[in-house]
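The values are calculated or read from the model by the stated rules, or taken from the named source; none is laboratory data. All values derive from a computational prediction rather than experimental measurement. Virtual Cβ from ideal backbone geometry, glycine too; neighbours counted across all protein chains shown.
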Amino acid sequence: MGFNSLIVVSLEPLLKMKKAIFVIMFSCLSCALNAQFTVEWAFSEASYSTIPFNFYKNCTFEQTYTIENPGYVMPDRLYQNFQLTEYFLARENHEATSALRMKFKLKNGLDLGLVDFGGALEWMTYDLITVNKNNEILDALEAGIIVGWVMPKQFRITADEKIIVMQLVTTETTSVQIAGFSKVTGYITETVYHIDASGKFVEESKKQCTGIRTFTSEQLENPSIDLWDLY
C-alpha cells in the first residue's frame with residue numbers, strides 16, 4: 001500500500017510536466033499555423049511575376065500560399081447566376097479556401113497580388129489587392145469570376161499597369177444560373193482602372209464592347225475562348 005502510494009505521488013509532477021509541455025507545443029503549433037496564413041507570410045513567400053499579364057481560362061499558377069482575409073476586405077462572394085445577385089460567401093464554406101497566386105511589383109513601390117477564393121469548389125472568384133511595405137491591404141478589386149469553364153468576368157494587366165476588367169452583363173430579367181445554362185442574352189463591357197499612389201483602384205473609363213446578343217453555352221464554356229475573343 002505504501003509503495004503504491006509513493007509511486008502515485010512521484011508520477012504526479014511528471015504528469016503535470018507532460019501536460020504543460022503539451023499546452024506549450026499546441027500553442028506553438030497554433031501560432032505557427034496562424035503565422036502561415038497572414039498577409040505578411042504569404043507575400044514574403046511568393047516570388048514576383050512579370051507585367052503585362054492576361055488572366056485567361058487556361059492559366060496555371062506555380063504558387064499557392066494560403067492567405068487570411070483580415071476584416072474581409074477582399075470580396076469573397078462566389079456567384080451562382082449571371083446577374084451576380086445570387087452567391088454565397090467563401091468564409092462560410094470550409095472548402096472555399098483563399099490563396100495568393102501571383103505577386104507583382106508596381107512602379108509606385110507597392111505590391112499587387114492576385115488572390116483566389118473557392119479552393120476545390122466549382123465556383124471561383126479572383127481579387128486583385130494592393131499591399132504596402134507593412135503588409136497592409138490598401139484596396140481590393142474583384143476582377144475575375146469563373147464557374148466551371150464559364151468566365152463572366154475576366155481581366156488583363158497592361159504594361160503601363162492599367163487593369164482592364166471585362167464582364168458579360170446579362171439583360172435577362174429572370175435569373176440565369178451560370179452552371180447548366182444553355183444560352184444567355186447580354187453584352188460585354190470593358191472597365192479600365194489605374195492604381196494611384198495610395199494603392200486605390202481608380203476607374204478611368206467604361207465602355208460597352210458589343211451589342212446585345214445571345215451567347216451560347218458552347219461559346220462561353222469553350223476553354224479556348226476568353227471574353228476578349230467575343231468582341
Q: Give the residues of segment 33-78 that are loosely packed, with under 11 Cβ neighbours inside 10 Å and modelled with pLDDT under 55, sorted by residue number.
A: Leu33, Ala35
Q | Residue ID - surrounded by the most Cβ atoms within 10 Å (Cβ to Cβ), chosen from residues in segment 134-160 that are of a type in the set (Asp, Glu) and in contact with a strand residue (DSSP E or B) (Cβ under 6 Å, 6 or more places away or on another chain) | A | Glu142
Q. If you check Phe155, Phe181, which single one turns out to be in contact with a helix residue (DSSP H, G or I) (Cβ under 9 Å, 6 or more places away or on another chain) and more than 19 Å from Lys107 (Cα to Cα)?
A. Phe181
Q. Which of the following residues is surrounded by 12 or more Cβ atoms within 10 Å (Cβ to Cβ) and out of contact with any strand residue (DSSP E or B) (no Cβ under 7 Å at 6 or more places or on another chain): Ile225, Ile188, Ile195?
A. Ile225
Q | Hits in segment 221-231 (condition: of a type outside the set (Ser, Thr, Tyr) and part of a loop (DSSP other than H, G, I, E, B)) | A | Glu221, Asn222, Pro223, Ile225, Asp226
Q. Restricting to segment 49-70, what's the tally of residues that are part of a loop (DSSP other than H, G, I, E, B), touching a strand residue (DSSP E or B) at 6+ places or on another chain (Cβ under 7 Å) and under 21 Å from Glu122 (Cα atoms)?
A. 7
Q. From Val169, Val150, which residue is touching a residue at least 12 places away in the same chain (Cβ under 8 Å) and within 20 Å of the chain's Cα centre (by Cα)?
A. Val150
Q. Assuming Ala197 fulfils every condition listed in (1) assigned to a loop (DSSP other than H, G, I, E, B); (2) out of contact with any Asp or Glu (no Cβ under 9 Å at 6 or more places or on another chain); (3) under 21 Å from Gln83 (Cα atoms); (4) among the aliphatic types (A, V, I, L, M) apart from one, which condition is it?
A. (3)
Q) Mind checking whether some residue in segment 71-88 is within 11 Å of the chain's Cα centre (by Cα), assigned to a strand (DSSP E or B) and of a type in the set (A, V, I, L, M, F, W, C)? A) yes
Q: Taking only segment 204-220 into account, find how many residues are in a loop (DSSP other than H, G, I, E, B) and either buried (at least 16 other Cβ atoms within 10 Å of the Cβ) or of a type in the set (Ser, Thr, Tyr) (or both).
A: 1
Q | Residue satisfying condition, being surrounded by fewer than 18 Cβ atoms within 10 Å (Cβ to Cβ), assigned to a strand (DSSP E or B) and either at pLDDT 95 or above or not basic (Lys, Arg) (or both), within set Val169, Val115, Val165 | A | Val169
Q) Of the residues that make up segment 175-183, is at least one part of a strand (DSSP E or B), touching a residue at least 24 places away in the same chain (Cβ under 8 Å) and under 25 Å from Phe61 (Cβ atoms)? A) no
Q) Of all residues in segment 94-110, which are part of a loop (DSSP other than H, G, I, E, B) and within 14 Å of the chain's Cα centre (by Cα)? A) Glu95, Ala96, Thr97
Q. Within segment 92-117, how many residues turn out to be of a type outside the set (A, V, I, L, M, F, W, C) and over 29 Å from Asp196 (Cα atoms)?
A. 5
Q. Do we find a residue being farther than 24 Å from Asn81 by Cβ and either in contact with a Phe, Trp or Tyr (Cβ under 7 Å, 6 or more places away or on another chain) or outside any strand (DSSP E or B) (or both) anywhere in segment 138-153?
A. yes
